[in-house]
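Asks: I have a structure here, written as structure tokens, and I will follow up with some questions on it.
Taken together, the values in this text are just the output of simple stated rules run on the coordinates, not laboratory data. Because the structure is a prediction, the values reported are computed rather than measured. So basically every Cβ, Gly included, is an ideal-geometry build from the backbone, and we count neighbours across all protein chains shown.
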Amino acid sequence: MALLVGLFFLCVGSVFADPFTYLGDLPLENPDLFGGDILLQDPEDRNAIVNEFQIWPGGVVPYEEDPGLKKTVMKFILERSFKHYLQHTCIKFVPRTNEKDYIRLFPGQG
């Protein structure tokens, strides 16, 4: 009798057990994709800039600071970041004068 009860629980347990999950299609588990989740068509597709009009002219990026930014530690961090970019890339951040296109820096998220 004990054998039948044990066999019953074994059968019931195997019915409710989780099935094997195929991990091949999960992004981080697929070595055939760039970064684990990006399908590249061609080496040229890795270029971040598709159109020349998306480049800041001369690598100069005008910025405007929100007045609330000057009171935070973020001001110091941004200045160091701008210096780092200038030393390691062809991008230079400059305070905005009257440029139509610029970035606005403000404290907070986003």
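Asks: Go ahead and run the numbers for FRET between Phe106 and Phe53, Cβ-Cβ distance against an R0 of 30 Å, rounding to 0.05.
Replies: Approximately 0.70, to the nearest 0.05.
Asks: Continuing with this model, one more query. Give the Cα extents of the stretch 49-105 along the principal axes, in whole Å, largest first.
Replies: So the three principal-axis extents are 37, 26, 18 Å.
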